[in-house]
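S.K.: The structure is given below, and queries will be raised subsequently.
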Amino acid sequence: MKSLSALRGAAMAALFAVTSLLSLPAAAESAYEAPLPAEINSDPDLCKHVPCAEVVPGADSFSPRKGKPAYVEAYRSEGGQKTLVGYAFLSTDIVDIPAYSGKPVITLIGMDTKGIITGTKILRHSEPILLLGIPESVLTKFIKQYLGKYVGDKIEIGKAREGEAMIGLDAITGATVTVIAQNQVIMRSGVAIARQVGILKVEPKPQIKFAAVNDTLSWAQLVDEGSVRRLTVQPEQLGMPRAAEPYVDMQYGYLNTPSVGRSILGDNGYQSLMTQLKPGEHAIFIISNGSDSFKGSGFVRGGIFDRVQVGQDMDAYTFRDLDYLNLWGVKAAGAPAYKESAIFIIRDPGFSAAYPWNLVFLANKRDRETGHRDFVSFSDEYWVPARYIEGGRPKVVKPDAPWLKVWKARAVEIGLFVALLVAVATVYANRDALTRRSTRKNKWPVNAFKYTFWIISIGFVGFGMLAQPSITQVLTWFHSLLFKWQWELFLTDPFIFLFWIFIILTTFVWGRGLFCGWMCPFGSLSELIYKVAGAIGLKRFQFALPMKWHNRLKWIKYAVFFGLLAVSVFSMGLAEMLAEVEPFKTTFLVGMFNRAWPYTLFVAVLLGLSIFIERPFCKYLCPLGASLAMPSTFRWFGLKRKQECNTCKACAVGCGSLAIDEHGRIDHRECMHCLDCMVLYTDEHACPPLAQERKRRTKAGLPLTPIGKDGYYIPIKPVPAAKA
Amino acid sequence: MIDPRSMTEPVTPPYVGGGALAHIGAEIWDHLWPWSRSGFQRQRAIQAAGLALALAATLVWVLAALGNNLTPGAIIGWWFGWSVFEVVVRLGSKPYVKEGPWWGQRYRKASVMDMICYVGFKNLLIGATLFIGLKSLGLLVI
């Protein structure tokens with residue numbers, strides 16, 4: 001693996017060198033996979049490793065890390081006295097929200113003593129789109145929007161909606177997942193620290209009122225009804241070798257519930273505990289097995305239990321040694337044996353057991369390859385069973401998942417897009433009716449639809465919705481399949497998600513030609529340029545490569561696809577960078593004039609070539625086309641042919657895709673479904689076998705019967721005259 | 001005379017013509033078993049290489065079963081190596097692919113690219129099914 005890492009490192013270094021030469025004058029300052037000192041996660045002197053002064057302007061000294069989750073206090077020295085001016089904190093000390101890459105964007109955040117965000121700085125990210133697709137400065141600009149905002153405000157991505165007390169932030173086009181994740185990171189971190197230092201006051205929730213239930217239950221009954229729940233973390237979830245024994249296997253419950261408390265502690269134990277609790281205080285118990293301790297060692301050093309906490313909404317409740325009581329035993333019949341136990345007291349009035357809460361286990365996950373440690377958390381939701389709550393569980397409206405918010409916010413556009421996809425499939429399914437209405441000289445019944453779809457695809461789908469499918473999505477799926485499948489990752493971009501459903505279905509039914517030839521925004525743009533150029537008098541300059549050369553060059557796109565696939569096995573980031581062979585980002589996502597000149601030049605050359613050659617990129621370079629061409633080998637329904645097509649060249653001569661060989665056979669891997677050959681297939685004046693038959697019948701005075709599905713006139717079968 | 005309705009010349013595999021169930025069974029066997037008797041006799045060198053590959057793969061899986069970690073790179077490499085080998089074997093043993101819908105019974109001679117497409121896609125599906133199955137059973141951890 002070392003040689004593999006070295007190879008990858010060398011390749012990455014080479015590519016970084018090339019890209020920095022190409023486009024990124026500030027590449028040296030890029031936060032993409034920026035190396036951070038290992039001590040950043042543990043050193044009490046956080047500000048020795050990160051630029052705290054940048055995020056808390058005016059501060060000249062900083063305290064060691066304190067609190068749980070951790071933050072540092074920022075001071076300004078004036079007249080020999082230090083004044084507290086704010087706080088700085090590292091996002092990964094507080095939350096572990098992954099961005100598009102599956103890794104967190106490590107952000108340093110500053111806040112003043114009133115809860116106003118004073119600075120944000122991205123220390124490290126792994127977002128491929130921000131490496132080459134979108135300049136990193138755009139993300140920097142995005143997070144600058146938080147400056148001056150109050151952490152208690154409701155801030156979301158998108159436009160502020162009328163009637164809602166919500167501040168809207170401008171998203172980054174093409175990096176929706178990244179900015180949604182980053183918004184959660186900044187706001188949750190800010191709220192957590194603001195709560196801890198007393199800036200944000202906790203609004204007390206209605207406390208639980210217990211119903212008159214006082215039965216004593218066995219352990220199995222407690223588990224069955226959800227009064228005892230389980231949170232298990234396996235060693236492999238923390239980057240350690242797989243083992244038979246879990247890392248921690250915690251079972252826990254809420255002891256204030258009379259039946260639960262009595263079942264676990266016995267009557268006396270329960271009464272004793274309740275007398276120790278003040279009004280509004282809550283007790284939970286945990287018993288645990290596993291190879292490690294859920295208590296950790298933090299409580300020995302600083303009296304803080306740094307591995308477990310309770311979370312409710314955006315609040316986190318941590319435990320100090322004063323919040324700890326011994327659990328001397330579990331009385332419930334059938335209770336399991338355990339290695340470790342504890343009773344923790346939640347003293348915060350903001351906590352209410354009437355509502356769901358989470359037991360959270362905090363840990364460090366080690367990256368097997370780099371050895372880098374990332375903060376991770378595992379949680380399990382607990383809600384007191386309804387029968388213990390007077391009037392049952394209160395109604396809780398959980399906020400929509402980020403991806404669902406996107407779907408709801410763009411419902412109209414999504415509806416239109418679905419209608420478009422259905423319309424394209426319906427039109428194509430009825431191609432026979434359209435091609436029969438067309439002739440070689442008048443293809444408008446087909447082309448009117450096709451050109452309309454091209455224009456919609458370029459304008460609405462490409463430039464409007466930025467829904468240009470890309471090979472990077474194929475690679476991402478491939479990797480998600482192998483490593484971690486997250487539906488949320490794909491659902492966050494509804495247009496791409498729906499487009500891929502369309503692509504997969506239509507590729508299996510008809511081959512890749514329907515997407516590539518009718519709906520791909522870049523493909524449509526390329527062919528539209530070719531058609532317009534022909535229409536305005538440049539036809540005499542237009543040409544197709546000789547079949548000999550076409551048959552050689554068409555393999556390049558497969559090589560590009562397999563090359564990218566192979567590289568992605570070693571480094572997804574590198575593969576994403578090399579996927580710049582697709583001009584899609586430059587054309588639609590970022591804009592031709594928002595990128596460094598080599599990218600713009602590349603697109604300009606491809607589109608310029610499209611004036612003279614039909615779809616040069618699609619035919620010879622497109623890795624996405626190659627990846628779709630391969631399953632097209634097994635499309636269910638292909639285009640029709642007649643036996644005479646093996647000698648007749650009428651269709652082959654007019655085939656813009658060069659997909660018809662010298663024997664009249666259609667290569668469905670290369671066909672773009674322009675349907676020109678299908679128009680000829682039923683054109684009795686243009687299809688030589690049909691024209692010949694038409695002439696023969698006309699000469700013989702025979703009627704011209706309709707053309708059957710096989711492309712020939714329906715035979716005339718003389719019927720014996722009925723006997724008089 | 002070349003039939004332009006088929007990208008390559010039509011072929012009839014030995015199992016075509018039986019009942020529906022027998023046909024489905026034979027097709028499943030065909031997907032999973034790339035060798036044929038005639039091909040096996042023709043491709044002696046390839047079969048020797050196949051035997052070596054099978055031994056190597058067995059060794060790797062035994063090591064994995066003994067608790068050694070199989071890295072994702074090794075698994076993908078093994079999958080890729082097997083797929084290349086299968087393409088070569090099939091071109092000698094079962095050199096045909098299906099034409100048209102999967103429920104039909106039209107077959108044609110496979111070109112190298114046809115076989116790459118077929119084997120690549122089939123093994124991707126089999127690999128994905130195995131991966132998801134093993135992962136959901138907790139037998140594979142990445």
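Please treat every number below as a calculation from the coordinates, not as lab data. In this text, all values refer to a predicted model and were calculated from it rather than measured experimentally. Heads up, the Cβs are rebuilt from the backbone with ideal geometry, glycines too, and the neighbour counts pull from every protein chain shown.
S.K.: Taking Cα pairs under 8 Å and at least six residues apart, what relative contact order does region A:569-717 come out at, in percent?
M.R.: Relative contact order for region A:569-717 comes out at 13 percent.
S.K.: Follow-up. Report, largest value first, the span of the C-alpha coordinates of the protein assembly as shown along each principal axis, in whole Å.
M.R.: Extents along the principal axes: 111, 67, 65 Å.
S.K.: Is there a quick way to get the dipole size of the protein assembly as shown? I mean about its Cα centre, with the Cβ of Lys and Arg at +1 and of Asp and Glu at -1; what is the value in debye to the nearest 20?
M.R.: Computed about the Cα centre, the dipole is about 3700 debye.
S.K.: Ok, one more. If the cut-off is a Cα-Cα distance under 18 Å, which lysines reach B:Lys135, setting aside same-chain residues fewer than 8 apart in sequence?
M.R.: Cα-Cα hits under 18 Å: A:Lys484.
S.K.: With the contact rule set at Cα under 8 Å and sequence spacing of 6 or more, what percent relative contact order holds for chain A?
M.R.: Rounded, it is 9 percent for chain A.
S.K.: Moving to a separate point now. Region A:596-687: which GluC sites (Glu not before Pro) are DSSP loop and have at most 11 other beta-carbon atoms within 10 angstrom?
M.R.: The qualifying sites are A:Glu662.
S.K.: Taking Cβ-Cβ under 4.7 Å as the only way to count a partner, pick out the unpartnered cysteines of the protein assembly as shown.
M.R.: Result for the protein assembly as shown is A:Cys516, A:Cys520, A:Cys618, A:Cys622, A:Cys645, A:Cys648, A:Cys655, A:Cys671, A:Cys674, A:Cys687, B:Cys117, no neighbouring Cys Cβ within the cutoff.
S.K.: Give the relative contact order (percent, whole number) for region A:489-601; include only Cα pairs under 8 Å separated by 6+ residues.
M.R.: 10
S.K.: Additional query: If you fit an axis through the alpha-carbon atoms of helix A:471-482 and take the longest principal axis of the Cα set of chain A, what angle between them do you get, 0 to 90°, nearest 10?
M.R.: Its long axis makes an angle of about 50 degrees.
S.K.: Can you list, bin by bin at 5 Å, the percent of alpha carbon pairs in region A:219-391, starting at 0?
M.R.: Whole-percent P(r) values from 0 Å outward: 1, 8, 17, 21, 22, 16, 9, 4, 2, 1, 0.
S.K.: A follow-up question, please. Put +1 on the Cβ of every Lys and Arg and -1 on every Asp and Glu Cβ in the protein assembly as shown; which of A:Ala332, A:Ala283, A:Val605 then has its Cα farthest towards the positive end of the dipole?
M.R.: The residue sitting most towards the positive pole is A:Val605.
S.K.: Still on this structure, please answer the following. Hey, which lysines would be in cross-link range of A:Lys339, C-alpha to C-alpha under 22 Å, not counting anything within fewer than 8 residues on its own chain?
M.R.: Of all the lysines, those that pass the test against A:Lys339 - Cα under 22 Å, at least 8 places apart if same chain - are A:Lys295, A:Lys331.
S.K.: Dipole of region B:10-136 (Lys/Arg Cβ +1, Asp/Glu Cβ -1, origin at the Cα centre): which of B:Leu63, B:Ile116, B:Gly81 lies farthest to the positive side?
M.R.: Sorting the options by dipole projection puts first B:Ile116.
S.K.: Next up: At q = 0.13, 0.14, 0.17, 0.22 Å⁻¹, what base-10 log of I(q)/I(0) does the Debye formula yield for chain B when every alpha carbon is treated as an equal point scatterer in vacuo?
M.R.: -0.69, -0.79, -1.06, -1.42
S.K.: Moving on. What are the extents of the Cα atoms of region A:405-493 along their three principal axes, listed from largest to smallest and rounded to whole Å?
M.R.: Extents along the principal axes, in whole Å: 53, 30, 20.
S.K.: Put one equal scatterer on each alpha carbon of region A:408-640, apply the Debye formula with no solvent term, and list log10 I(q)/I(0) at q = 0.09, 0.15 1/Å to two decimals.
M.R.: With one equal scatterer per Cα and no solvent, log10 I(q)/I(0) is -0.39, -1.16.
S.K.: What size of dipole, in debye to the nearest 20, comes out for region A:408-640 about its Cα centre when the only charges are +1 on Lys and Arg C-beta atoms and -1 on Asp and Glu C-beta atoms?
M.R.: Computed about the Cα centre, the dipole is about 1140 debye.
S.K.: Here is a further query. Rounded to the nearest 0.05, what FRET efficiency do A:Ala596 and A:Tyr324 have when you use their Cβ-Cβ distance and R0 = 56 Å?
M.R.: Computed FRET efficiency for A:Ala596 and A:Tyr324: 0.45.
S.K.: What lysines sit close enough to A:Lys548 to cross-link, taking a C-alpha to C-alpha distance under 21 Å and skipping anything fewer than 8 places away on the same chain?
M.R.: Those lysines meeting the cut-off are A:Lys557, A:Lys619, A:Lys649.
S.K.: Placing +1 on the Cβ of each Lys and Arg and -1 on the Cβ of each Asp and Glu in chain A, which of A:Trp454, A:Leu434, A:Thr140 has its Cα farthest towards the positive end of the resulting dipole?
M.R.: The residue sitting most towards the positive pole is A:Leu434.
S.K.: Rg(Cα) of region A:495-607 divided by 2.2 N^0.38 Å?
M.R.: Dividing the Cα radius of gyration by 2.2 N^0.38 Å gives 1.23.
S.K.: Cα-based Rg of region A:174-275 per 2.2 N^0.38 Å, rounded to two decimals?
M.R.: Compared with the compact-globule rule of thumb, region A:174-275 sits at 1.59.
S.K.: Considering region A:31-196, what Rg and Dmax in Å follow from its alpha-carbon atoms?
M.R.: 15.7, 50
S.K.: Around A:Ser457, what is the net charge, scoring Lys/Arg as +1 and Asp/Glu as -1 over all other residues with Cβ under 13 Å from its Cβ?
M.R.: Once positives and negatives cancel, what remains is 0.
S.K.: Determine, for each peptide in A:326-338, A:566-578, A:601-613, the mean count of other beta carbons within 10 angstrom over its residues, then list the peptides with the highest first.
M.R.: Answer by packing, highest mean first, reads A:566-578, A:601-613, A:326-338.
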